[in-house]
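Below is one structure, written out as structure tokens, with a few remarks after it.
Rule-based calculations on the coordinates, nothing more; no lab input. Since the model is a prediction, treat every value here as computed from it, not as a measurement. Glycine gets a Cβ as well: all are built from the backbone with ideal geometry, and neighbour counts include every protein chain shown.
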Protein chains: 4
Amino acid sequence: MKKVAVVGVSGYTGLELLKILINHSGFELTYIANSEGNISIEELHPSLEKVISMDVQKADPKEIAKVSEICFLALPHKTSMAFAKELIALGVKVVDLSADYRLELNTYEEFYCPHEDKENLSKAVYGLPEFYKEQIKNTDLVANPGCYPTASLLAVLPFIKYFDERSNLFIDAKSGVSGAGKKLSETTHFVTVNDNIFTYNPMKHRHGPEIKEKIKLLENKELNISFVPHLLPVTRGMLVSVYGTLNDETIDAKALLKEFYKESTFVRIKDKPVDIKSTAGTNFCDIFVEQNGSALFISSSIDNLLRGASSQAVVNANLMCGYEEDHGINKIAYIP
Amino acid sequence: MKKVAVVGVSGYTGLELLKILINHSGFELTYIANSEGNISIEELHPSLEKVISMDVQKADPKEIAKVSEICFLALPHKTSMAFAKELIALGVKVVDLSADYRLELNTYEEFYCPHEDKENLSKAVYGLPEFYKEQIKNTDLVANPGCYPTASLLAVLPFIKYFDERSNLFIDAKSGVSGAGKKLSETTHFVTVNDNIFTYNPMKHRHGPEIKEKIKLLENKELNISFVPHLLPVTRGMLVSVYGTLNDETIDAKALLKEFYKESTFVRIKDKPVDIKSTAGTNFCDIFVEQNGSALFISSSIDNLLRGASSQAVVNANLMCGYEEDHGINKIAYIP
Amino acid sequence: MKKVAVVGVSGYTGLELLKILINHSGFELTYIANSEGNISIEELHPSLEKVISMDVQKADPKEIAKVSEICFLALPHKTSMAFAKELIALGVKVVDLSADYRLELNTYEEFYCPHEDKENLSKAVYGLPEFYKEQIKNTDLVANPGCYPTASLLAVLPFIKYFDERSNLFIDAKSGVSGAGKKLSETTHFVTVNDNIFTYNPMKHRHGPEIKEKIKLLENKELNISFVPHLLPVTRGMLVSVYGTLNDETIDAKALLKEFYKESTFVRIKDKPVDIKSTAGTNFCDIFVEQNGSALFISSSIDNLLRGASSQAVVNANLMCGYEEDHGINKIAYIP
Amino acid sequence: MKKVAVVGVSGYTGLELLKILINHSGFELTYIANSEGNISIEELHPSLEKVISMDVQKADPKEIAKVSEICFLALPHKTSMAFAKELIALGVKVVDLSADYRLELNTYEEFYCPHEDKENLSKAVYGLPEFYKEQIKNTDLVANPGCYPTASLLAVLPFIKYFDERSNLFIDAKSGVSGAGKKLSETTHFVTVNDNIFTYNPMKHRHGPEIKEKIKLLENKELNISFVPHLLPVTRGMLVSVYGTLNDETIDAKALLKEFYKESTFVRIKDKPVDIKSTAGTNFCDIFVEQNGSALFISSSIDNLLRGASSQAVVNANLMCGYEEDHGINKIAYIP
């Protein structure tokens, strides 16, 4: 068993990491931390009482390096970089759930802040297993993708060669509130969200450039992406609608998708429209496609906290450690 | 006061019609009916106890004609036609909430069923006041638009001249469950819907052809419309995302919208993203627009039961009877 | 028309007051305020665009007194007292939605804080119209009841003479999140509340003493009240279950309730279980009762923001100004 | 590994049984059925695609007996009896999730229907492990308790000796909609339930007599139980409030509970109020208690589909087969 650490156990993705690692027979949880420590994990998360009993540390890379071989960082962007840099220097493998190592330098600095670890940035591997499996197996630093980019890229990458660079690609995304994190704000107040839906940062959200960049890197195409996220009155789950114009109306989109993902453990191509309850609690991405002339509609569903963050992170760790991709990964949905 | 009748008082749109007409100082409710009668309205809808006391009749056009000048039909398609035909023959003005008189004959027969009242179909006026006000004032038969078409057309019609006929127009629509009606089905079971979202009839929904036809009739353009509806885990409200490619990137979309609707009582152009709680309970349509190069995104919010059906129907009746458009129409949202 | 002011227009009860007063033909809104001013009401509450346009002032009692005869205070406890004291001294009638004038001095000081306006406290009238109508008509200061006490007292007061002072009276209450107010906290974060239910402050909530005190004052009985509130994953609405032990098993509880409230405009005794959607948006209190031997169960439903606060406040203002109790009060539910 | 069968795989509790058994290392799923067969389980439940592939049979006891040692019945009452009778005769152990074997004959026949298997009824063991562990280990037929009785009995049984037989015990229960099953009805239509809460069958629900009977059998006390269930606008989860009058005000209720359940794997006594998200997805029952003089309030939370049905059924099967109580039972909550 490999010894693992989790930093950022107060938040939702941190909790989801623990939920997976507690029962993972290939990983032993040796160190868990947040910014303050001084509490037990079962006090911090009462649902874990009688499940695990462990003290939460005040995060310290040197202490992590003493007891762990691999560390998951569930921290805000910018905060992550400081930890990752030190951990890598101490020989600890890192899976970072923030945006800090996901993008090329200029993209990162344009949409986030000045980068403080350019050396490791150049070595980081984007943690989308369906497209970077071999690189993930051979790296010490994985940059876990954003939730919206995961759902969008899995849907759209198989079709890139069929889109014109001149046409627009539209992504109408819808996410549960857990994606906004625990931080208190008017936007996440129950009374604001319940029975409501609205877009936020339309066409300006930082996941737009992430999607665009990965399409460029993987398919060498510069597409005009309009990414428009919405907040849904649900706790978890994400449904992404992709709308594009095909340059070849004769393709059989469904057959193409099924062929493309036939070896993929965690992508299911569905004959009927997908929904978010069927992927909730799992690492699956369900995809449905419909076409009408040159118009293509792809509907992609994931659990934003799992495939969009924590379970995909553990899949990446599995690969980094030579385990089977799906070792210890939950496949049983939170349904009904 | 004009005497009015409502047929179909068991369902949601029927109840919403009553809620408006009860307090409408220009209309007197003289006849209310469903398919069975034999019950009081306050038994059928317990929230109306101490608000109104009236018997529900088993719908009979001859009886309606004896006591009413104008009749609202909140019935399924096909059933409506039979009533409308007889009522018009008896001299009663009709506002029909079904699809029976909304479309041109061939479109109707392609997507619904054989039409049984072609004569009146040719005289019916599409009840979208912002575009057909004069015709509505002068007709005896208004075909109330579908909910999705109302939200979509209000958003998109101002921009039609800026879309190429060759490009695709995508409509990603999201509606509350009341739009599916009272009929029991697995799709509307609480456990299916709660915390969930999914598309249904993507690109095949009958509101697609309705939108396409009205764009053709009003703007003489044949656009490729891909209409994709989704079911939201909310009771009421509808948010429509329209994605199109402009043939002129220099237009100021927001200024254009504000100018287009500057005289419209019930359309509000917003500077920030719209949401469905702010229009719930009212006849307002709130619209927000964002552009990025040639990509145009319009977000349109209405209450599917009100602006999408019942309040728009009463606005139409107001116009047919020479009243002010907003006479007796609620403008105070169900918010928080 | 009487000129009215509303202080505290940022919050939910403040917004609900405006929603009623905007269309109230007996009241003219002359002054609206919050703690900061410097904004228009339609910017503060975007759903009010095209409904009302008015500047929000930074609350100042002297300014209020210049333009208003009656003032609604939708402020936190303690803050209210300062305003009320000055307004009364300036001759303005006050309807206070806080707890500041609801209780006897010792009860208030035990559960809230030192009272700063004992003189007016002794003159204030508890604004529960079914029990204090004549006093409300003749007072200049109404203390609007708490939401839970309103629903509980309306349910339980008709039966007090049938409860033993030695037995326990249990109140299991359930409220929508708007009752907690706009203030951000982990408890009202969407992710905490959605799909969840839990009690808070069981047996310690300050509405317990309020209920107990009013029972004592109105029926001269000292009952042991156990008041246990719960937070519901809904925006608005309140359902209260009252469980008591009758000292006379022969009473017909339903007949007693119907008789007791036969003249009450806003209390409906139902033959089937009540629900919160049927009272949402209105000033109604729906009550259902079931008995089994000596066990009595009463189910009471109100809209916590309306009958539990704002609409009851306007009813009180109606009475203070010599209007009909239900003048301008909404009776049409937010249903479906 | 013991071979197991599940009959009734279409419904929610049937699905939950499969979700547990699929990964249970002590049980091998050899036969799954509903009333029609002729479909694969992954077609019936699309979330199970890539998780399990197995045909669903049309339920036949003789076929079950050929391939299974133990059979779970997730069927409606009355239907279950016919299957159980035949299976037992064929030597198959049975865990029945219906009410058919839970009650004494007269209670069953008073509240359900004529019993068709009195012989086995007299041998059946009530499957509440905290109270019947040894009997469960030695039986071939377990009658799985109702959901409401599970949550209520776990809360109340430790205190029975402190309640007077003359006083009333009130149970105000609140359940998610999955408890009503898949059957379509107006009560479970999303529009009826969303944002709503109401009681149903107050004081008449069949779980009342079940609770009363078990208290009598286990503690030899005849208490007056008033059981009042409510439907909550959530998918899963159950919170039960128990209100009783203690005959001894000096007891320390929390200490008593902690002592009572100190050996119980699946009962957690909490210092803060319990909530339903923290037990969702698990077999845990969380209990909180508060007292005030002679008034006792107990709050008990379970997942209605799991501890209230399917996971408790598998715990019972574990005991019947000599496994550890918690073998293969999920302890990780569906939270956030």
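General observations
- Normalising the Debye intensity of chain D to I(0), with uniform scatterers on Cα atoms only, and taking log10 at q = 0.11, 0.12 Å⁻¹ returns -0.69, -0.82.
- In plain terms, the bigger the Kirkwood radius, the slower the diffusion; for segment A:70-131, with that radius from Cα pairs, at 4 °C and 1.567 mPa s, Stokes-Einstein puts D at 110 µm²/s.
- For segment C:159-171, 3J(HN,Hα) per residue [Karplus equation, 6.51 cos²θ - 1.76 cosθ + 1.60, θ = phi - 60°, Hz, x = Gly/Pro]: 10, 3, 5, 9, 9, 6, 5, 7, 7, 8, 10, 10, 10
- Projecting the Cα positions of A:226, A:211, A:296 onto the charge dipole of segment A:148-302 (unit charges on Cβ atoms of Lys, Arg, Asp and Glu, taken about the Cα centre) puts A:211 furthest along the positive direction.
- Taking each of A:277/D:19; D:161/D:331; B:277/C:277; B:19/B:182 in turn, the alpha-carbon distance tops 20 angstrom for D:161/D:331.
- Intensity falloff of segment C:27-87 expressed as log10 I(q)/I(0), Debye formula with alpha-carbon point scatterers, at q = 0.15, 0.24, 0.29 Å⁻¹: -0.48, -1.08, -1.29
- Rounded to the nearest 20 debye, dipole of segment A:148-302 from Cβ charges on Lys, Arg, Asp, Glu: 520
- Karplus (6.51, -1.76, 1.60) ³J(HN,Hα), θ = phi - 60°, over segment A:72-78, in Hz, Gly and Pro reported as x: 9, 10, 10, 10, x, 4, 6
- Charging the Cβ of each Asp and Glu at -1 and of each Lys and Arg at +1, and nothing else, the dipole of chain D about its Cα centre rounds to 220 debye.
- Dipole check for the protein assembly as shown: with +1 at the C-beta of Lys and Arg, -1 at the C-beta of Asp and Glu, and the Cα centre as origin, the magnitude is about 0 Debye.
- 0 to 90° range, to nearest 10: angle between helix D:79-89 axis and chain D longest Cα axis: 70
- Distance between segment C:277-317 and segment B:86-129 - C-alpha centres, whole angstrom: 44
- On Cα atoms only, tilt of C:207-219 relative to the major axis of chain C in degrees: 70
- Within-12-Å neighbourhood charge of residue B:160 [Cβ basis; K, R +1; D, E -1]: +1
- Extension gain for residue C:23 to residue C:36 (0.36 nm times residue separation, less C-alpha to C-alpha distance): 2.1 nm.
- Relative contact order (%) - segment C:95-144, alpha-carbon pairs under 8 angstrom, separation at least six: 47
- Summing charges over all other residues whose Cβ lies under 12 Å from the Cβ of residue D:86, with Lys and Arg as +1 and Asp and Glu as -1, gives -2.
- Among beta bridges that DSSP assigns inside segment B:228-304, antiparallel share in %, nearest 5: 85
- Overall shape of the protein assembly as shown was characterised from the C-alpha gyration tensor. The equivalent ellipsoid obtained from it has semi-axes of 45, 43, 33 Å, in decreasing order.
- Amide H partners (placed H, <5 Å) of residue B:307, local residues excluded: B:312
- Taking one quarter of the surface of the convex hull spanned by the alpha-carbon atoms of segment D:123-217 gives a direction-averaged projected area of 8.0 nm².
- DSSP bridge orientation in the protein assembly as shown - percent antiparallel, rounded to nearest 5: 45
- The loop-placed GluC sites (Glu not before Pro) in segment B:192-283, going by DSSP, that have at most 16 neighbouring Cβ atoms within 10 Å of their Cβ come out as B:222, B:249, B:263.
- Against the main long axis of the alpha-carbon atoms of chain B, helix B:12-21 sits at an angle near 70°.
- Convex hull volume of the Cα atoms of segment C:148-302, normalised per residue: 115 Å³.
- Averaging over all projection directions, the Cα-based convex hull of segment B:192-283 occupies 8.0 nm² in the image plane.
- Working note: 222 nm ellipticity from helices only, DSSP H runs with n ≥ 4, each -39,500 (n - 2.57), summed and divided by the residues of chain D, gives -8000 deg cm²/dmol to the nearest 500.
- Ellipsoid semi-axes in whole angstrom, largest first, where each is sqrt(5λ) of the Cα gyration tensor of segment B:59-175: 29, 15, 13
- The slack between residue D:58 and residue D:90, meaning 0.36 nm per residue of separation minus the straight C-alpha distance, is 9.7 nm.
- Computed from the C-beta positions of residue D:217 and residue B:250, the FRET efficiency with R₀ = 60 Å rounds to 0.15.
- Segment C:148-302, relative contact order [Cα under 8 Å, separation at least 6], %: 31
- Between residue C:94 and C:71, C:141, C:142, the built amide H atoms are under 5 Å apart, and every one of these is 5 or more places off in sequence or on another chain.
- Rounded to the nearest 5, the antiparallel percentage of DSSP beta bridges internal to segment A:148-302 is 70%.
- Per-selection Kirkwood Rh - segment D:241-336 (Cα, Å, 1 d.p.): 14.4
- Each residue of segment B:102-117 was assigned a 3J(HN,Hα) from its phi angle through the Karplus expression (A = 6.51, B = -1.76, C = 1.60, θ = phi - 60°), giving 7, 10, 5, 3, 5, 5, 4, 5, 6, 10, 10, 6, x, 7, 10, 8 Hz with x at Gly and Pro.
- The mean sequence separation of alpha-carbon pairs under 8 Å and at least six residues apart, normalised by the residue count of chain B, gives a relative contact order of 17 percent.
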